[in-house]
Amino acid sequence: MQGTAPPTGGPRGRRTLRTFTAAAAAAALLPVFGTAHAAEPGPDQAGQGAGPLQRAFAAAAAEYRVPQSVLLGVSYAESRWDTHQGLPSVTGGYGPMHLTDARTALADFPRQAVGDGGDDGRGDASRPLVTAATVRAPDLAALPAGLTTLDKAAALTGLPAEALREDPAANVAGGAALLADAQRQLGEPLGGDPADWYAAVARYSGADDHATAASFADDVFDVLATGETRTTDTGQTVSLAARPSVKPAAGQADRIGLRRADDTGTQCPPGLGCEWVPAPYQETGGGDYGNHDLANRPTDQKIDTIVIHDTEGYWDTAMQLVQDPTYLAWHYTIRSSDGHVAQHLPAKDVGWHAGNWYVNTKSIGIEHEGFLVDPGTWYTEAMYRSSARLVRYLAAKYGIPLDRQHILGHDNVPGPTASYIPGMHTDPGPYWDWAHYMELLGAPIRPTAGPWGGVVTIDPDYATNQPLYTGCVKAGDTCPAHGSEAVRLYSAPSTDAPLVKDVGLHGATGASTTGVNDVGARASTGQQFAVADRQGDWTAIWYLGQKAWFRNPAAHPTAVDSVALVVTPKAGLASIPVYGRAYPEASAYPAGVPVQGVYAMPYQVLAGQRYVVGNAVRGEYYYSVTFDTASHTVVRGKQLYYEIQLGHRVEWVKADDVDVLPSVVGAPR
């Protein structure tokens, strides 16, 4: 949802960033452990060679009589064992166990949660500009228990709140104490078979409805079954051995004792916590209406894209805005704390969410609770997993390929015309972990060719790829070091060279910047580009009509070799135009439907350049500018377009202007 500010302007989000220092050594913060209860036996038992975090899991599991595999599984489903430098998630969760302390998080990191507003991008004057709505601030005196679990962990362990927030070992102990307390409250014995902890795990999620709590527990037990090993954000290796024989005890889900959310009318995969929170379709006066359009997709129009957004606000803010008929609407929102899903529109209807009317009419929009400019408010694993389950379901239902030209970030959506480019959106931003998300979608990024393939797929290591960003707090300020999904693009193979230009964003003479909202010289994980050149540790790609260089050393590659279809201008053409929407030719419009202009963008594809093809579509326009749907019309043309990965954003070219070729540049070796 987040709307981009001018690249050198101030951000929306965090005002201050505290530097955290570990309160004490890990061992000193843990309780004095007894020896009466051994940790769960098995290959995931921490040995002498294990790192401090792995040992902390073993010690806490033994002290609080929680099966070690359960403790590791819950932590993985919350944070993937990362510490996030002691910084809170968007819902105030700290550390590997995501202990929540929303009051402290909101006090330390105040944020203005007002949404972004913006035009619906249809390219006509049928509706006034939508501006940000007034929303209520979070009520700190009435925070739900799920957002204050750190207080309870402090009472159960006797550890100070600061230690629980800032020290990973203390945080793990707090999580173990909460799990043990939930098990006792359910009348279940401590220790024992991990399968008997299903209901306690579900309770740990903090969800207020049965389906979401059960979905969280299912994710945890999936992790237990398959096992996991990864290097965390502090460089420690943590392992959980696979336990495929562990199955939740029969009837455990029925013991959770939470409300049953109203899922009537929702379109969600089985087992995902999903409820119906409808967006209003009603007249608002003066001939206007909101906040979406009724349609009949996919019968009348194919759905070929899913757009990933972040809300730039909290869950309650998003729920207020999407139910405001004078605001905008999207199809789904996903909550950070537990991955709960709210659906607002049926997929058949068109949401106003992407800032490009053509993309709106062909897409489903999914908002994620979060703030892009604030890496401290990290995206939770619970949210990633719920989102991936939902997207897999929708992609299968509507035949949407699971690749990065069909699963777009809002920041990959182009302006419909040149004038829209500077105001286009930049969420979910460079801190969204696309590589992990694509793995969860079942479409991991893998090499499909050698250097002869002629294409690279961007794929830096998220944790260690930390390009400098500015403007997270105010213009020019340096953002805290943080893993990123994007690589920076230079005009020559040197970090001393100027960044490549984006003439649409900055004008002919303006320069790209390191601003966190500036996408003019940035390539995103999963995006594919044709190789233009290679020199040592550097690779050049065709990007916005120019050679764009990024570091890609063989020892630590930031891209993998691939093969794809590419377009290049037809012989004899020095350059060809590109377009921000694929509208029909003028002759396709019936009487009574205004002809929509097909305007060239300020970019060009020059002779000899190649760009990866993502989709082939006939020109199409959905005319729906009145509340009465009787006049709504789908206009279909004969003009064929190819969607291409031109820069950070996709664009379209006319098939008449290009040849489509395999990307291979030489014989496979």
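Side notes on the structure shown:
- Restricting attention to the chain, close to 80% of DSSP beta bridges with both partner residues there are antiparallel.
- 222 nm mean residue ellipticity, helices alone, for the chain (DSSP H n ≥ 4; -39,500 (n - 2.57); rounded to 500): -6000 deg cm²/dmol
- Kirkwood Rh in Å, taken over the stretch 561-669 so that all alpha-carbon pairs contribute: 15.4
- Net charge in the neighbourhood of Lys348 (other residues with Cβ under 11 Å of its Cβ; Lys, Arg +1, Asp, Glu -1) is -2.
- Estimated dipole of the chain in Debye, rounded to 20 [Cβ of Lys and Arg +1, of Asp and Glu -1, Cα centre]: 1060
- Charge dipole magnitude, Cβ of K and R +1, D and E -1 - the stretch 496-605, Cα centre, debye nearest 20: 120
- Among Lys654, Lys570, the ranking by other beta carbons within 10 Å of each residue's beta carbon, starting with the fewest, stands as Lys570, Lys654.
- Leading residue at positive end of dipole, the chain (Cβ point charges), from Thr226, Thr100, Val487: Val487
- Cα gyration tensor, the stretch 534-617 - rounded (a/c under 1.5), prolate or oblate: prolate
- For the chain, radius of gyration divided by Kirkwood radius, i.e. Rg to Rh on alpha-carbons: 0.98
- Percent of Cα-Cα distances greater than 22 Å, calculated over the stretch 458-549: 26
- When the C-alpha to C-alpha distance is required to be over 32 Å, the pairs from Lys362/Lys570; Lys348/Lys654; Lys501/Lys638; Lys348/Lys638; Lys501/Lys570; Lys302/Lys570 that qualify are Lys501/Lys638.
- Put a plus charge on the Cβ of each Lys and Arg, a minus charge on the Cβ of each Asp and Glu, and nothing anywhere else: the dipole of the stretch 274-567 about its Cα centre is then about 800 debye.
- Think of the stretch 392-459 as having a plus end and a minus end, set by charges on the Cβ of Lys, Arg, Asp and Glu; of Ile458, Tyr393, Pro416, Tyr393 sits farthest toward the positive end of this dipole.
- Rg to Rh, two decimals, where the stretch 274-567 supplies the alpha carbon set and Rh follows Kirkwood: 0.97
- Computing FRET efficiency as 1/(1 + (r/R0)^6) for Leu140 and Arg446, where r is the C-beta to C-beta distance and R0 is 45 Å, gives about 0.45.
- A simple spin-label model places the labels of Ala481 and Tyr398 4.1 nm from each other, with each point 7 Å out along Cα-to-Cβ.
The numbers here are math on the coordinates, done by the rules we state, and not lab data. The structure displayed is predicted, hence computed values, not measured ones. We place every Cβ from the backbone using ideal geometry, glycine too, and count neighbours over all the protein chains shown.
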